[in-house]
Amino acid sequence: MAEIDPWGDVELGNYNEKMEKFGIDPVEEVADRLPDHRFVRRGIVFGHRDLDRLLDARDDGKQFAMMTGIMPSGVFHFGHKCVVDQINMYQQMGAEVTIAAADIESFNTRDVSLEEAREMVVEQYLKNYAALGIDLEDIDFYFQSQAGNNHLARSKMFAKHLTQNQVEATYGSAEPGKISSALTQYADILRPQFPENGGPKPTVVPVGLDQDPHIRLTRDIASKYQRQDLVKPSSTYNKFMRGLQGGKMSSSDPKSYIALTDSVEDAKKKIDQAKTGGRDTLEEHREKGAELSEDMVFELLTFHLIKDDSELERIKEEYSSGEMLSGELKQIAKEKLEQFLVEHQEKREELGPKVEQYVDEEFEFEV
Ligand code: TRP
């Protein structure tokens, strides 16, 4: 069995163990060279490979890129927002941004038709991306099924540099649909470095640990591919947000997440039902304080809803000392959430038609 299966259940936690095993370095090493972002300060982005290479390029005024992919698989929730916040950060640093919609992957591995994928990508992903500040005109966005001949040719030619053993050891299986998706993803990750896109350059791929197998093999392929020089891609790793009930956040379980298109009312209900670290009785809570690490509302605040460290710190103090109750914490979350959702959904409505028009004009689905 492979240690990590990108198409299987993601295991939460054990980050340190996995880092050691796969040679991922702690992000603290490079934290002072990164923008002052809450994900870095709060350990949400915890690891990296070769991020120095990208930061050197930035310091030297050279080109560098950020690449990511979207697997269309349901509604867009706060778990997905992690990547978008990172895209914004790298774009502000001056990175060229590339985003792939992984419709070949969802076709092969999730039984999603290209039409369904397109619909999900527009409605769930791109409209929310736009509302979160990503301008599609400023980036290289494409669907895997429309990636162009060179892209698709390269994705096939990368097979030359893989062995069956390597594939089985890395993914735990060699199913054709998975291999095809993986090869496509290697081409995605290396896309910013091909001549059409300005040639070799450091490229960072911000991912969760589940995608690390792809990163490892792409790095290997980058060093073996001979038709042109390729810089081994860099990567960063972010923690997975847990579901509101504890455990996994999963697109198939609406109670586990808050979607960015949820109504304020539904979102508040989900907060009411969320798992907290509050104690069983008031007396015990006042005495021992909340168990922060078991509190999904606090996790949502930490990941997304509170930008200011001192505000978060104050809540942490009061809640973990027992002074603040779970109900009070939930009240704070509901207020922040309402403010965020109302503003976000307004922007989404406003930018939606532009996103639709962009996709209609740029892509013809003839496959
Ligand atoms: N496999 C990724 C997922 O399941 C999607 C993806 C496709 C991707 N191409 C990529 C991610 C390139 C990062 C880089 O979510």
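The values are calculated or read from the model by the stated rules, or taken from the named source; none is laboratory data. Quick caveat: nothing in here was measured; it's all calculated off a predicted structure. For neighbour counting, all protein chains shown are included, and Cβ atoms are generated from backbone atoms with ideal geometry for every residue, glycine included. Just so you know, the surface numbers come from the protein's heavy atoms only, side chains and all, with ligands and any DNA or RNA stripped out. Shrake-Rupley method; radii C 1.70, N 1.55, O 1.52, S 1.80 Å.
Scanning the stretch 69-116 for residues that are within 9 Å of the ligand (Cβ to nearest atom), within 24 Å of residue 51 (Cα to Cα) and assigned to a helix (DSSP H, G or I) turns up just one, 83. Here residue 155 does not fit the description of being in contact (Cβ under 8 Å) with a residue 60 or more places away in the chain and within 13 Å of the ligand (Cβ to nearest atom).
Of all the listed residues (223, 235), the sole one being among the hydroxyl-bearing types (Ser, Thr, Tyr), within 14 Å of the ligand (Cβ to nearest atom) and either buried (at least 16 other Cβ atoms within 10 Å of the Cβ) or farther than 26 Å from residue 79 by Cβ (or both) is 235. Kindly check whether there is at least one residue in the stretch 163-180 that is in a loop (DSSP other than H, G, I, E, B) and of a type in the set (Val, Ile, Thr). Yes: the stretch 163-180 contains one or more residues that are in a loop (DSSP other than H, G, I, E, B) and of a type in the set (Val, Ile, Thr). When residue 54 is tested against (1) farther than 30 Å from residue 257 by Cβ; (2) open to solvent by 20 Å² or more (accessible area, probe 1.4 Å); (3) assigned to a helix (DSSP H, G or I), exactly one condition is not met: (2).
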